[in-house]
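The values are calculated or read from the model by the stated rules, or taken from the named source; none is laboratory data. Only a predicted model underlies this, so the values are computations on that prediction, with no experimental measurement involved. Cβ coordinates were reconstructed from backbone atoms using ideal geometry, including for glycine residues, and neighbour counts include every protein chain displayed. The accessibility values were calculated without ligands, DNA or RNA, using every heavy atom of the protein model including side chains. Shrake-Rupley method; radii C 1.70, N 1.55, O 1.52, S 1.80 Å.
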Amino acid sequence: MKKLFAMLLAMTSMAALAQVTGNVGVTSDYRFRGISQTQNALALQGGADYSHKSGFYVGNWNSTVSNRMYTDSTGLEMDLYGGYKMEVAKGLKLDVGSYNYVYSQAGNKFSSNSNTNELYVGLEQGPVALKYSRSISDYFGVANSKGTQYLQADVNYPVAKDITANAHVGRTLVHNHSTSDYTDVRVGATVMVQGFGVGAHYYTNLNKGTQVATNNTIDGQNLYKNAFVVSVSRSF
């Protein structure tokens, strides 16, 4: 009985140190690393995160996607992630973890050929964040692409009350498929309006390999074209 009481007390203390948050949103085009995942159409999104005072965190995020792009899926992307974040110097945070992309199927929910698993390490200092990701599986269904790398730099700088300027640049290096390498860029701003985050961002892709256009054109639609995207989200 004493052991049970001690266990319950420990669990209560852990819960007090933890935080659970959620988010929902809609975007005019779901762009992942510069490439439209919805054939240049609207997406509904949402997720939840659990973080502990120790620095440990886990989460889930979901979005509608095109089932013409992910032909073995039902049109839903489910992201599962977890990691550990700690301060290694004054104001400098280290973030390590795993990010896993799962595309549900009607017949078998967790065996999509597009499922992808990555490990990552990142550094954050004030408004600047650097991150390196590496796949430990084939990269979104591309054969023999295990070890694909993604390098990114992000700046989220508050320029006025409730207004944050956003800038991002990332480089995709597809293992064994260098003609699919490319650089994606995003610039814009997020404004807080009555508790909602309203975003307006411009996306463009640079240094595109010869296979980028071929691999990202569906039904005649260019999924990597320059685009202006607006979004609305809320955290709770």
* Structure fact -> Of (1) closer than 30 Å to ALA89 by Cβ; (2) open to solvent by less than 70 Å² (accessible area, probe 1.4 Å), TYR139 fails just (1)
* Filter result for TYR101 (outside any loop (DSSP other than H, G, I, E, B) and either aliphatic (A, V, I, L, M) or open to solvent by 30 Å² or more (accessible area, probe 1.4 Å) (or both)) -> no
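In this structure, does GLY188 turn out to be open to solvent by less than 30 Å² (accessible area, probe 1.4 Å), modelled with pLDDT of 95 or more and touching a His at 6+ places or on another chain (Cβ under 8 Å)?
Values: open to solvent by less than 30 Å² (accessible area, probe 1.4 Å): yes; modelled with pLDDT of 95 or more: yes; touching a His at 6+ places or on another chain (Cβ under 8 Å): yes.
Yes.
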* Could you look through segment 167-182, keep only residues that are surrounded by fewer than 18 Cβ atoms within 10 Å (Cβ to Cβ) and either polar (S, T, N, Q) or free of Cβ contacts under 8 Å to residues at least 12 places away in the same chain (or both), and pick out the one that is farthest from LEU223 (Cα to Cα)? => ASN176
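Given the criterion over 18 Å from the mean Cα position of the chain (by Cα) and of a type outside the set (Val, Ile, Thr), identify the matching residue among SER104, SER114, SER73. Talk me through it step by step, then tell me what you get.
On the way: SER104 fails: over 18 Å from the mean Cα position of the chain (by Cα); SER114 fails: over 18 Å from the mean Cα position of the chain (by Cα).
Result of the check over SER104, SER114, SER73: SER73.
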* Asked: Which residues, counting only those in segment 29-63, are in contact with an Asp or Glu (Cβ under 7 Å, 6 or more places away or on another chain) and among the β-branched types (Val, Ile, Thr)?
  -> THR38
* Selection status of THR148, in contact (Cβ under 8 Å) with a residue 40 or more places away in the chain, open to solvent by less than 30 Å² (accessible area, probe 1.4 Å) and closer than 22 Å to ASP95 by Cα -> no
* To do: Quick one: which residue in VAL128, VAL230, VAL198 is out of contact with any Lys or Arg (no Cβ under 7 Å at 6 or more places or on another chain), surrounded by fewer than 17 Cβ atoms within 10 Å (Cβ to Cβ) and touching a residue at least 40 places away in the same chain (Cβ under 8 Å)?
  => VAL230
